[in-house]
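For reference, the structure is listed below as structure tokens.
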Amino acid sequence: MAAGRIPLVLLACGSFNPITNQHMRLFELARDHMHSTGNYQVVKGIVSPVSDGYGKQGLVSAEHRNAMAKLALQTSDWITIDEWESDQPDWTETVVTMRCGTIRSNNCVTHLNERRSGPSPQLKLLCGADFLEGFRVPGMWRPEDLEELAGAYGLVCVSRGGLQPERAAHESDALWRHRRNVFLVREWVHNEASATEVRRALRRGLSAKYLLPDDVIDYIGRHALYTDASESKNQGTPLRPLAKQYQPGGTGGSLA
Amino acid sequence: MLCQCLVNVMPMLCQCDLMNVPWDGFGLTPAFAPVFLYKRAFLKCPLSKRGRRCFVPEERDCIFIFSSVFASACCSQSSLEYEMEVVLIACGSFNPITNMHLRMFELARDHLEDTEKYRVVRGIISPVGDGYRKKGLIEARHRVEMARLATKTSDWIEVDTWESLQPDWVETAKVVRHHFEELKAAQRDEDEDDTVSYGKKRRMEEEYPSINEAKHPKLFLLCGADVLESFGIPNLWKPEDVEELVGHGVVCITRGGSDPEKFVHQSDVLWRHRRGIHLVREWVTNEISATHVRRSLRRGRSVRYLLPDAVVTYVKEERLYSAQSEQKNADVVLAPLARYTDAGPS
């Protein structure tokens with residue numbers, strides 16, 4: 001580890017339905033960016049698939065989503081999956097996942113380095129461009145959750161150009177207060193291989209090769225995962241965050 | 001109608017051992033099995049939307065069934081159609097090959113097979129030779145090797161080295177011509193091996209010219225919208241070459257924002273051959289350009305998940321892309337421009 005750098009763990013929350021190459025690109029881009037600041041050494045990336053209780057349309061079971069993420073990440077030497085969030089019966093606030101993630105990543109890094117003298121690792125939330133938009137919707141996030149997320153942890157947000165992420169970060173007082181903790185990474189290559197597009201291609205019988213790892217495509221085929229039937233799952237059900245927090249608005253807190 | 005027709009002639013077909021073909025393996029019941037008319041053409045299967053799913057890998061093993069009774073019964077139906085076998089060829093620098101190049105093949109195959117007129121049997125990647133003299137173009141042997149590694153996991157896309165081995169730059173039309181001749185030669189060899197009697201075959205071909213047409217191999221050039229647009233740039237293409245290429249057929253993958261219909265409309269040559277130009281809309285923006293990949297590599301940034309892992313490893317091991325490699329051919333005129341203008345040797 002480079003001297004004087006703060007060890008950093010990146011955690012991404014989302015459906016990962018299914019995990020795509022684009023999800024893993026976010027990690028690579030974020031790591032490069034954080035290294036180029038000269039202040040951080042990224043030691044680990046964590047994929048945390050959302051629980052089945054999230055209630056999103058077309059969400060297949062966590063068992064399958066976790067299995068696919070494991071297959072996709074087997075070629076990475078720094079990104080791993082954490083099943084804690086998906087094991088919860090109900091949807092968990094992102095901040096709660098971060099709190100639990102801190103404890104476990106501390107253990108992991110201490111264990112890896114076999115020393116306790118160095119600085120303890122920081123945990124930051126890795127998110128896609130649409131994530132910051134959620135903060136702008138009134139009542140979508142509990143203010144104290146956003147404050148804790150930006151203040152105690154920090155955000156690394158990969159944007160696809162356009163000023164929306166900058167604007168969102170500027171317009172939120174909490175994010176502005178903790179602006180030194182909010183890192184906007186510019187993605188210069190537009191690569192919109194979203195999980196939604198992948199599911200669409202799969203249920204139409206079109207090829208999704210090279211959008212996600214071959215092992216994941218094989219797994220999907222073996223278990224016949226994405227069909228018209230699976231896409232209508234949770235149709236008409238309100239998203240759990242909205243029901244749980246009794247607030248109106250859109251989705252919130254996920255990489256889709 | 002066709003289904004009914006098949007049911008009507010079924011008793012007759014049963015005597016021809018058709019029932020012994022393991023149709024179940026192809027998700028079909030014998031009653032609705034496609035009937036092979038000729039090794040290169042088969043009836044559009046009423047149960048399958050895509051020819052690929054009811055295609056029998058070993059055509060030779062299928063019993064050749066064609067009775068005049070059945071033919072007249074079927075041919076009176078307008079639904080009798082043939083799927084033509086198509087080979088796709090992509091020419092380019094592949095410096096280096098990216099997942100986007102491979103996606104183009106997948107998108108093109110899905111699009112062509114969706115028309116139910118074509119069955120894509122092979123994809124050829126043909127990296128350009130070093131004589132192309134493009135800025136930053138690294139040695140062909142490396143580009144070919146990377147393309148080989150990238151296509152290892154594909155069961156239908158392969159790399160061909162003929163173009164890359166030519167000392168001088170070869171016009172794309174000539175590359176396509178070369179591969180077309182090879183396809184025709186392969187076809188002839190196969191026909192000679194065929195067990196079906198010649199007389200019978202010739203009679204059929206005379207009676208049903210569309211069968212004959214379906215037999216000819218098709219070779220389509222696979223390209224991006226930029227290539228289609230470049231057909232209109234003066235001195236980059238010979239007019240007769242453009243004519244020849246679109247005559248074979250071109251599959252053009254278009255991204256959001258570009259308007260290839262406009263190029264086709266504005267060019268008389270393209271307009272004349274508009275039926276041979278297949279425009280495939282790519283709905284998912286996927287701009288992994290090789291230029292971007294090289295830039296990231298020489299800046300030490302990660303390119304994982306933009307290229308297959310095996311290619312990323314190869315690039316690292318061979319230390320392929322650097323500031324120095326990017327300066328290669330920096331002051332040299334591109335071969336096609338040198339050839340067609342006064343800027344270079346004729």
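The values are calculated or read from the model by the stated rules, or taken from the named source; none is laboratory data. What you see is a predicted model, and the numbers here were worked out from it, not measured in a lab. Side chains included, ligands, DNA and RNA excluded: accessible areas come from the protein's heavy atoms. Shrake-Rupley method; radii C 1.70, N 1.55, O 1.52, S 1.80 Å.
Here are some notes:
- For the stretch A:202-222, a reduction of at least 20 Å² in accessible area between the chain on its own and the assembled protein chains (probe 1.4 Å) is found at A:205, A:206, A:207, A:209, A:210, A:211, A:214.
- Chain B contacts chain A over a buried accessible area of about 2300 Å², both sides summed; the probe is 1.4 Å and only protein chains count.
- Legend: residue pairs A:44/A:244; A:209/B:117; B:218/B:328; A:44/A:70, Cα-Cα distance threshold 26 Å; pairs beyond threshold, A:44/A:244; B:218/B:328.
- Where the stretch B:145-193 is the region considered: accessible area per residue in Å², 1.4 Å probe: 53 Å²
- The stretch B:150-191: C-alpha gyration tensor shape, a/c 1.5 cut-off, then a/b vs b/c: oblate
- One Cα centroid belongs to the stretch A:1-72, the other to the stretch B:246-296; the line between them spans 35 Å.
- Computed over the stretch A:1-92, the convex hull of the alpha-carbon atoms projects to a mean area of 6.2 nm².
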